[in-house]
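Could you have a look at this structure, given as structure tokens, before my questions?
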Amino acid sequence: MNLLRKPGAIVVAALALAVLPAAAEAHDGDHPFANCTEAYENGYADIPEGDEHYGTHLDRDGDGIGCDQPPAGFEPAPDDAEQAGTADRSGTDLAETGGDDTTPYFAIAGMSVMLAGAGALVVANRRRGMQ
């Protein structure tokens, strides 16, 4: 069976390529960090046992405090929502979803794949009509 002759297969392939995740997933706070580097990048250190961000994999010495050796220059996350709204966001106009300067290029690539799939369907239908 030649899958390139099946318009449905082409459409499914185009859609699959268009919806591949292009940006990192933001940390939503309802699970432990993957590692201490991720915790430090999000402004968390000295995470006590019982906290929603705590995980035993973050507590190497087993003292009940995870990520207790922050790097030099570590800046903790703001404590309340009012302070969180005043964070410096200069130089970015994107929502905090992990998008960056390459996001528009991924969107253009996805659209190109969709257009190529549509073009292939048109060509396949025309060839079928000629035979």
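Since every read-out is calculated from the coordinates, none of them should be taken as a lab result. Bear in mind the structure is a predicted one, so any value in this text is a computation, not a measurement. Backbone-built Cβ (ideal geometry, glycine too); neighbour counts: all protein chains shown.
Can you tell me how much longer the chain between residue 77 and residue 60 gets when fully stretched, taken as 0.36 nm per residue apart minus their C-alpha distance, in nm with one decimal?
Numbers: separation 17, 0.36 × 17 = 6.12 nm, distance 2.23 nm.
In short, 3.9 nm is gained.
Hey, another quick one. Taking amide H atoms as placed 1.01 Å from N in the peptide plane, list the residues 5 or more away in sequence, or in a different chain, whose amide H sits under 5 Å from that of residue 66.
Counting only residues 5 or more places away or on other chains, the set is 47, 49.
Same structure again: Using 0.36 nm times the number of residues separating residue 123 and residue 38, minus their current alpha carbon distance, what extension gain do you get?
On the way: separation 85, 0.36 × 85 = 30.60 nm, distance 4.85 nm.
Extending this stretch completely gives an extra 25.8 nm.
Residues with beta-carbon under 13 Å from that of residue 63, excluding residue 63: net charge, scoring Lys, Arg +1 and Asp, Glu -1?
-4
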